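Take a look at the structure set out below.
The values are calculated or read from the model by the stated rules, or taken from the named source; none is laboratory data. These numbers come from a predicted model, not from an experiment. Cβ: placed from backbone, ideal geometry, glycine included. Neighbour counts: every protein chain shown. Areas reflect the complete protein model, heavy atoms only, side chains present, ligands, DNA and RNA absent. Shrake-Rupley method; radii C 1.70, N 1.55, O 1.52, S 1.80 Å.
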Amino acid sequence: MFLDHLFIIAETDPARPWTWAFVGITFALYLFIGWISRVRDSKGFYVAGQGVPAFANGAATAADWMSAASFLGMAGLISFSGSDGAVYLMGWTGGYVLLALLLAPYLRKFGHYTVPDFIGERYYSETARIVAAICAIFVSLTYVAGQMKGVGVVFSRFLEVELWMGVMIGMAIVSFFAVLGGMKGITWTQVVQYFVLILAFIIPTVAISRMLTGDPIPQTAFAFGDISQRLNEVLAGLGEEIYTEPFTRFSKLNVFMITAALMFGTAGLPHVIVRFYTVRTVRAARYSAVWAIIFIAILYTAAPALGMFARFNLINSLHESRITELTVKHDGDVKSFSFPGESEAAWQWVQEAGDDANLTYSVTSKAGVPLEWATRWQNTGLLTFDDWNRDGTISLKLQETEADGKPVRKSEMAKIDKDIIVLSTPEVANLPPWVIALVAAGGLAAALSTAAGLLLVISSSLAHDLYIRFVKPDASEAEKVLMGRIAILFGIVVAGYFGINPPGFVGEVVAFAFGLAAASFFPAIFLGIFSRRVNRAGAVSGMIAGLLFTMSYIVMCTADKVLPMFFDAPVLTQEDWWLGISPQGIGTLGMVLNFVVTLTISSVTPAPPEEVQELVENVRIP
């Protein structure tokens with residue numbers, strides 16, 4: 001019976017059995033590593049016993065860094081934002097170099113478990129430690145929400161479950177290896193996850209590059225081939241903005257602000273910084289940073305190429321595709337109409353059903369090839385069509401119509417979630433089913449690896465920096481590890497909620513987290529290393545001012561998504577943005593506010609104690 005069911009699935013969706021196999025094998029491996037890496041002491045739980053080799057730590061850092069935003073979101077952002085999507089590429093890559101060269105070795109020399117540890121000791125203040133721990137929790141919860149949504153997107157397509165169920169499955173898996181193994185289990189799981197995700201990204205990118213350009217090296221095909229010119233011509237014919245034209249989607253100010261927020265936010269991300277505490281020496285921290293840059297560059301130099309290839313392929317496949325069947329679901333009734341013979345009856349039924357009807361279009365390409373992938377993605381709700389002119393074809397050309405009584409220009413692809421671009425591209429390109437399945441496994445590896453690192457930051461902030469410091473300082477090793485595990489479970493529950501109810505697509509949610517990190521952590525860490533004069537009053541005031549300002553602005557701009565029970569529309573619409581700055585870029589302004597407040601208050605209050613100033617000097621000595 002089971003085999004019969006499996007054969008039916010394989011015929012209708014050949015990638016699904018492969019996906020089950022790849023996801024099952026990789027998940028079993030992650031769980032096995034989590035089990036054999038289980039720890040009993042707090043040093044193993046929080047910093048993997050500070051015994052991770054530089055090469056392994058580089059791979060783990062790259063996996064921790066290349067989240068669902070990098071694997072799923074960035075190519076999608078570049079694909080639909082064109083030249084302006086490069087702000088994410090520039091911000092994230094530039095920020096990692098800034099972190100690796102400017103901050104990481106000094107923080108490793110300091111030698112504690114967490115960023116709040118550094119803040120508390122450097123600014124000789126338990127208040128500063130508490131503020132830093134709260135900042136770490138807010139940043140990490142925002143970031144991990146994006147990862148959970150990415151997990152839900154993958155599962156909703158390849159296991160054909162709803163997004164909320166996909167998030168729940170991801171929560172269960174990540175909780176197992178994170179709760180059992182702590183940083184030790186997470187580190188060695190991330191090493192494996194890096195190689196899974198990089199193979200899953202590069203193999204289809206190389207295949208599509210060769211298919212579209214004849215060049216198997218995507219980076220050179222992107223830089224020296226004619227694919228950008230071909231895509232520009234196609235988009236111009238559809239009435240879309242030119243792909244390579246800058247400042248069409250973001251103003252010059254927002255390009256700068258978003259890039260800076262991502263860059264400085266990277267340098268303040270606690271889950272990346274803590275990776276440099278897991279190696280044996282400062283020298284090893286520097287080498288692991290170099291390895292991580294190499295590993296990251298492999299994906300980040302290929303992502304712009306994949307984004308361009310995906311957009312070109314999607315248009316070629318879908319534009320002017322013909323509708324062969326329309327399935328209408330309404331109030332428990334399901335009716336299917338074949339086209340063109342039953343088209344009039346179909347549109348009559350749609351009109352009677354009203355806006356609550358769920359429509360699924362079966363389409364074939366202009367060449368008559370059935371586009372089964374389009375039907376499968378429609379079933380997830382992440383791709384929708386609307387043949388509003390009732391001509392029996394799906395046109396991607398922008399056309400004049402009305403919405404709510406106002407003239408608008410839109411195509412008949414009513415919705416496409418940017419997070420499905422990487423996952424759907426192998427299907428659109430008609431690559432073998434095992435490649436499609438490998439991409440699904442890679443997307444899950446990217447999301448889960450980062451989610452695990454973020455959950456450990458939440459755990460360390462709640463358990464190590466708050467509970468053990470202020471509630472039970474005499475806790476035994478067993479109690480410390482237990483509290484860490486309970487804190488991870490708390491973080492998973494909260495992250496799961498925001499994964500099911502995200503305030504945007506994956507890349508956008510993650511950009512908010514970077515803005516919060518830039519506005520709260522970066523000035524405190526940077527000035528804590530390079531300025532002897534900055535004191536606790538300045539640092540605490542700066543972190544609070546930067547965090548509250550940035551978080552308030554983001555919440556007001558996304559109130560209908562983050563607080564849907566209270567708001568049905570944003571408090572600040574795009575027309576009301578302050579100085580025209582988007583919520584993704586407001587972290588830069590929050591960071592400037594933090595610097596100003598920190599330096600101003602430090603200059604009018606007493607200097608730090610002499611031993612703290614000596615600590616600052618010693619940290620900077622190689």
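Solvent-accessible surface of the range 503-622, averaged per residue with a 1.4 angstrom probe and all protein chains in place: 41 square angstrom.
How big is the charge dipole of the chain about its Cα centre, in debye rounded to the nearest 20, if each Lys and Arg gets +1 on its Cβ and each Asp and Glu gets -1 on its Cβ?
Once rounded to the nearest 20, the dipole reads 2640 debye.
Output the pairs from Lys184/Lys561; Lys252/Lys418; Lys109/Lys149; Lys149/Lys329; Lys109/Lys561 with a Cα-Cα distance over 30 Å in this structure; if there are none, say none. Going by Cα-Cα distance, Lys184/Lys561; Lys109/Lys149; Lys109/Lys561 fall outside the 30 Å limit. For the range 282-385, what's the relative contact order in percent, using C-alpha pairs closer than 8 Å and at least 6 residues apart? Averaging sequence separation for qualifying contacts and normalising by length gives 22 percent for the range 282-385. Centre-to-centre separation between the Cα atoms of the range 56-102 and those of the range 536-583: 24 Å. Radius of gyration (Cα atoms) of the range 320-394, expressed as a multiple of 2.2 N^0.38 Å: 1.03.
Across the range 406-419, in residue order, what do the Karplus-derived ³J(HN,Hα) couplings come to in whole Hz, using 6.51 cos²θ - 1.76 cosθ + 1.60 with θ = phi - 60° and x for Gly and Pro? So the Karplus estimates, Gly and Pro as x, are 10, x, 9, 10, 8, 9, 8, 8, 5, 7, 9, 6, 4, 6 Hz.
Accessible area per residue for the range 396-475, computed on protein heavy atoms with a 1.4 Å probe, is 35 Å².
When the Cα positions of Ser603, Phe264, Ala305 are compared along the charge dipole of the chain, Ser603 comes out farthest toward the positive end, with charges on each C-beta of Lys, Arg, Asp and Glu. Working ranking of peptides 416-422, 318-324 by packing, defined as the average number of other Cβ atoms within 10 Å per residue, highest first, is 416-422, 318-324. Here the 3J(HN,Hα) profile of the range 242-247, calculated from phi with Karplus coefficients 6.51, -1.76 and 1.60 at θ = phi - 60°, is 5, 4, 8, 7, x, 6 Hz, Gly and Pro shown as x. Here the accessible area is traced with a 1.4 Å probe on the protein chains. For the range 131-286, carbon and sulfur cover 67 percent of it. Within the accessible area of the range 320-394, the carbon and sulfur atoms contribute 43%, probe 1.4 Å, all protein chains present. Note that the chain carries a Kirkwood radius of 25.2 Å, evaluated over its alpha carbons pair by pair. Once the Cα atoms are used to define both axes, helix 54-65 deviates from the longest principal axis of the chain by about 50 degrees.
Calculated on the alpha-carbon coordinates, the convex hull of the range 503-622 measures out at 116 cubic angstrom per residue. Coupling constants for the range 233-240 follow from the phi torsions by the Karplus curve (6.51 cos²θ - 1.76 cosθ + 1.60, θ = phi - 60°), and in residue order they are 5, 5, 5, 4, x, 8, x, 8 Hz; glycine and proline get x.
Of the solvent-accessible surface of the range 503-622, computed with a 1.4 Å probe over protein heavy atoms with every protein chain present, carbon and sulfur atoms account for 67 percent.
Toward the positive end of the charge dipole of the chain, with +1 on the Cβ of Lys and Arg and -1 on the Cβ of Asp and Glu, the farthest Cα among Ala559, Met483, Ile581 is that of Met483. Net charge dipole, the range 367-503: roughly 260 debye, given to the nearest 20, about the Cα centre with Cβ charges of +1 for Lys and Arg and -1 for Asp and Glu. This model, with +1 at the C-beta of Lys and Arg and -1 at the C-beta of Asp and Glu, gives the range 320-394 a dipole about its Cα centre of some 340 debye.
How do the peptides 610-620, 144-154, 239-249, 189-199 rank, highest first, by the average count of neighbouring beta carbon atoms within 10 Å per residue?
In descending order of packing, they fall as 144-154, 189-199, 239-249, 610-620.
Solvent-accessible surface of the range 320-394, averaged per residue with a 1.4 angstrom probe and all protein chains in place: 52 square angstrom.
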